[in-house]
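The block underneath contains the structure these notes are about, expressed in structure tokens.
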Amino acid sequence: MSDYIAPLEEIGFALETVAGMKEWASMPGFEEASEELASAVLEEAGKLASGIIAPTNRIGDEIGAKLDGDRVITPDAFKPMHQAYVEGGWSTLSADPELGGQGLPNALSIAVTEMVTSGNMAYSLLSLLTAGAIEAIAAHGTEEQRQTYLPKMITGEWSGAMNLTEPSAGSDVGALRSKAERLPDGSYKISGQKIFITWGEHDLAENVIHLVLARLPDAPLGTKGISMFVVPKFHLDANGNPGERNDVRCVSLEHKLGIHASPTCVMSFGDEGNCIGYIVGEENQGMRNMFTMMNHARIGVGLEGVAVAERAYQQSVAFARERLQSAEIGAKSRESVTIIHHPDVRRMLMTMRATTEAARAIVYRNVWALDRAHKLEDATEKAKAKGEADLLTPISKAYSTDIGVEASSFAIQIHGGMGFVEETGVAQFYRDSRIAPIYEGTNGIQALDLAGRKLMMDGGSHWRNLIAEMRNFVAKGCGGSEAQVRRLSEGVEALSEAAEFLLSNGFERVVDTAAAATPYLRLFGTVVGGYLLAVQAEEAKRRLENGEGNPAFLQAKITTAQFFIEQLLPPATALLGPIKEGAGTLMAMSEESFARQ
């Protein structure tokens, strides 16, 4: 198994070219975010991820999280790792300075998170869920709740958990049965059971702050009758420190395909009739609050796809440069060569590299749009940035997590039979990455969100703005050779045609739109990914011509973009056909006919 090397040059280049790094310090609230500071942060984060976090990845997979009574025990190696993460202030980077954060751009924080996730995806989920809970409490909680819970959640001393799913309510959250009962003192008594609760119980933080969706007795049916409550594992004493245990416990852990060190808990609330929670926001507004958490988490999960793909790629390159197998095709010598000389292995490695860099660029641009939406003062520009962020979120989540699975599968293939056994470590990448397309709304749900909601949002102005930007880039002849410019243009026009076609469906053909949603999202992600790689290639060419930067790295950026546009974009452009076919064939076969006779 190869070591993980934080790709600092690639990450820094992506931040500069698609995430506005050079503009950070000129924005209100980001004045301290100079390029020098960002580079120093990334360098130190790389050391943390490569030197401290990455070595625990295999350990966590082999040992896993264990349930002892109602306590979850993590591997011993996780304690010093988490201590280093907390003491280094890594969870505070983009948090509100008034609550103990550093107030740096989310775009910088997401780059750090990528390296942490490449180091150990199972561990990274702890901070991902905590960040989502912080977002929800900050946005919808009272000032007292913010001051009570957020400072220690931001430092990482306490963690957060999202408690949404129930045995009878998976993606259909409105079917949940957990109950909340008003108490005279303004608190609520919570009862019910939640499943698939990531890091719902563990021994790394001194308190776990649960955000729980539950229904009041007089609440409306469905999603309109859901409220959100904060339920601490330990009640706080007069000094704000963990005191008496609340009536919330982990009753079992799931045995999973991957991320073994990330405890996936079945949480029980109120078994003894004394689970106390406090409402977040207004009654029956829990779904609105939940989406604050979900949108943050969806981008974070998309980043998991990028992070695992990056590590799978690095290990595959190392193996392909060492593994001797067969003579080089077309060579006179019959001596065996390393498999990186074989065209099909090159195809897989280039696909892994190109799609990983495309997905990274999409996620980084998505987060930069969020930063602008939060910090810009002009109302029109602020709205445009928010619209772009909303548009890109389902693409970041679904396209990137699909890429993570595909890259991990390629890694196994490149390793051959050794990839299918555990000792090389690449099987773990596949097992770990496979949950990401399911997390935080399945990728099918993300596609429906894109085609059914984001497409029509604000009259379609946001995707039209992006199409116009890409057309302008192509019109200037950017994107490589004449043939590459033509292929990029064909992709942009196919995406535009698909969007206009789906927009014209209206509600009358909603099933046709639903049938087209997944290929539409894949087309969208591939075209935008190809465009962003072409943007990076143009900057790489400029630097090469001016004698700036590392020539080998810059040439590799150009070649990677060329490969993506020539080899990966044309098949995606052909998805326009299935998109326009509608739901006829998909829905034609009777339910009974699916079963084998």
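What to note about this one:
- Using alpha-carbon coordinates, inclination of helix 8-18 to the longest axis of the chain, degrees: 90 degrees
- Residue-count net charge about residue 373 - beta-carbon cut-off 12 Å; Lys, Arg +1, Asp, Glu -1: -1
- Overall form of region 94-168 per C-alpha gyration tensor (a/c, 1.5; a/b vs b/c): oblate
- Contact order, relative form, for the chain: 13 percent (alpha carbon pairs under 8 Å, 6 or more residues apart, mean separation divided by residue count).
- Using 0.36 nm per residue and subtracting the Cα-Cα separation, the extra length available between residue 591 and residue 244 on full extension is 119.6 nm.
- For region 246-251, 3J(HN,Hα) computed residue by residue from phi via the Karplus equation (6.51, -1.76, 1.60; θ = phi - 60°) reads 7, 8, 9, 9, 7, 9 Hz, glycine and proline entered as x.
- Potential lengthening between residue 378 and residue 580 on full extension [0.36 nm per residue; Cα-Cα distance subtracted]: 68.8 nm
- Contour minus Cα-Cα distance for residue 413 and residue 457 (0.36 nm per residue): 11.7 nm
- When only alpha carbons are used to place a centre, region 138-212 and region 233-312 end up 6 Å from one another.
- Between region 91-106 and region 15-83, the alpha-carbon center distance in angstrom: 14 Å
- Computed magnitude of the charge dipole of the chain (debye, nearest 20; Cβ of K, R +1, Cβ of D, E -1): 1300 debye
- With a simple spin-label model that places each label point 7 Å from the Cα along the Cα-to-Cβ direction, the separation between residue 272 and residue 552 comes to 6.2 nm.
- Shape of region 455-588 from the C-alpha gyration tensor: prolate (a/c of 1.5 or more and a/b above b/c, with a ≥ b ≥ c the square roots of its eigenvalues).
- In this structure, the residue pairs whose Cα-Cα separation is over 29 Å, taken from 375/454; 47/382; 66/233; 22/476, are 47/382.
- Folded to 0 to 90 degrees: helix 343-375 orientation relative to the chain principal axis, Cα: 50 degrees
- Placed amide H near residue 234: partners under 5 Å, 5+ positions off or other chain: 208, 246
- Axis of helix 286-320 versus longest Cα principal axis of the chain: the two differ by about 40°, to the nearest ten degrees.
- Under the Karplus curve 6.51 cos²θ - 1.76 cosθ + 1.60, θ = phi - 60°, whole-Hz ³J(HN,Hα) for region 527-540, x wherever Gly or Pro sits: 5, 5, x, x, 4, 5, 5, 5, 4, 5, 5, 4, 5, 4
- Counting Cα-Cα pairs of the chain in 10 Å increments starting at 0 gives whole-percent bin shares of 3, 16, 27, 27, 18, 7, 2, 0, 0.
- Placing unit charges on the Cβ atoms of the charged side chains and taking the dipole of region 377-423 about its Cα centre, the candidate lying farthest along the positive direction among 383, 410, 398 is 383.
- Inter-probe distance in nm under a simple model that places probes 7 Å from Cα toward Cβ, at residue 62 and residue 252: 2.9 nm
- Proximal aspartates and glutamates relative to residue 557, as straight alpha-carbon distance under 13 Å, when same-chain residues fewer than 8 apart are discounted: 9, 10, 357, 538, 539
- Sites residue 185 and residue 288 - FRET efficiency at Förster radius 22 Å, r taken between beta-carbons, to 0.05: 0.30
Since every read-out is calculated from the coordinates, none of them should be taken as a lab result. Owing to the predicted nature of the structure, the values given are computational and were not obtained by experimental measurement. Neighbour counts run over all protein chains shown; Cβ positions are idealised from the backbone, glycine included.
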